[in-house]
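Right, one structure below, let's go through it.
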């Protein structure tokens with residue numbers, strides 16, 4: 001099964017180049033060129049990962065894309081892609097938020113995305129296991145019966 005990625009960038013050349021590179025490496029890639037288009041796509045499809053440029057319609061439009069992605073029930077991995085890493089550190093509000101700095105080499109990009117997907121799936125599995133484990137009070141009630 002191909003892993004599905006939503007790639008969001010307002011620079012058409014970057015969008016099409018990254019789409020081609022990722023598809024050559026076995027990813028299924030949908031694209032969006034604005035925050036609104038990205039939100040619409042996330043509301044109508046399921047993605048394993050959302051990669052977004054930080055600066056689009058506004059200085060931090062990409063953070064709106066990331067916040068929307070994190071609110072989805074399918075919980076995609078997320079990454080910011082930018083040529084201008086924020087100097088104020090706002091992208092570090094969540095230190096686990098990957099930041100990909102343009103330009104990024106093809107091998108490095110694919111390696112980073114593969115690692116991010118593995119880490120993200122491992123974390124989702126850990127959370128699922130923790131949520132399915134009985135609480136101490138449930139375990140005590142089960143033993144008492």
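Read the figures in this text as sums done on the coordinates, not as results from a lab. Everything numeric in this text was worked out from a predicted model, so none of it was measured. Heads up, the Cβs are rebuilt from the backbone with ideal geometry, glycines too, and the neighbour counts pull from every protein chain shown.
Side notes on the structure shown:
- Distance from segment 1-23 to segment 61-84 (C-alpha centre basis), Å: 15
- Residue 33-residue 59 pseudo-label distance in nm [points 7 Å out on the Cα-to-Cβ vector]: 2.6
- For peptides 118-131, 7-20, 33-46, sequence by mean Cβ density within 10 Å, most packed first: 7-20, 33-46, 118-131
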